[in-house]
Structures are given as C-alpha cells and as structure tokens.
Amino acid sequence: MTALEKATGDVVLKFEPFVLHVLCQELQDARLLQSVAIDSGFRNSGITVGRGGKIMMAVRSTHCLEVPLSHKGKLMVSEEYIEFLIHVANRKMEEN
C-alpha cells in the first residue's frame, strides 16, 4: 500500500501463467506432449514449427491475472480489494 500511495503513474497487478518450452525432435512427439498437456489442464498449449524446421511445444497454463490498481497516481481500488487480488494471485500460483 505504501508503494501504491507513492506511485505517480499507472500501476497494474499482473500474474503471468506457467510456460514451459520443449524442443521436440519429431512432430509426433510434440503432438503427444500437447495432448498430455491439454488433458492435464494446460489448455493454452501449442506447437510451433520454425522456418528451419525446429519443432517447439509450449505448455501453457490459463492462470493469468492483470488488474489496474492506479491511474496517473490515483488509487482506483480499495485496500480490501487489493488484499482480495493478492489472495486470488496466490491461489493461482498454487494451481500453477
């Protein structure tokens, strides 16, 4: 709260989800890993094939959070709401 009170610009609470990049030798390996990741709840997982043929599988969680707290130095939410957001972010971290 002290840092928020001193802020002069915009402040955003941001929680980034888990991401794991795996370099795969074969496309079938990437497909298998993607299937396992999606079945395990990592719904934003996907496969990328680069120009040189490099096959990258990204295992991504959907547990993200991005909430503006202040704008131009003015606090836009209550301290109670910030405590709630911290609880939500911590729960997302555990789920991650």
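Results, tabulated for the structure shown:
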{"quantity": "Hits in the stretch 54-91 - residues which are more than 23 Å from S35 (Cβ to Cβ) and in a strand (DSSP E or B)", "calculated": "L65, E66, V67, P68, L69, S70, H71, K74, L75"}
{"quantity": "Residues being in a helix (DSSP H, G or I) and surrounded by 10 or more Cβ atoms within 10 Å (Cβ to Cβ) - total across the stretch 1-38", "calculated": "13"}
{"quantity": "Residue in the stretch 47-63 that is under 30 Å from K6 (Cα atoms), surrounded by 12 or more Cβ atoms within 10 Å (Cβ to Cβ) and either under 23 Å from the mean Cα position of the chain (by Cα) or not assigned by the TED database to the domain that holds T8 (or both) present", "calculated": "yes"}
{"quantity": "Every residue from the stretch 42-53 that is assigned to a loop (DSSP other than H, G, I, E, B), out of contact with any helix residue (DSSP H, G or I) (no Cβ under 6 Å at 6 or more places or on another chain) and in contact (Cβ under 8 Å) with a residue 12 or more places away in the chain", "calculated": "F42, R43, N44"}
{"quantity": "Failed criterion for K6 (all others in (1) out of contact with any strand residue (DSSP E or B) (no Cβ under 9 Å at 6 or more places or on another chain); (2) more than 13 Å from S70 (Cβ to Cβ) hold)", "calculated": "(2)"}
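The values are calculated or read from the model by the stated rules, or taken from the named source; none is laboratory data. Every value quoted in this text rests on a predicted model; they were computed, and no experiment measured them. A quick note on method: Cβ atoms are made from the backbone with ideal geometry, for glycine too, and the neighbour counts reach across all protein chains shown.
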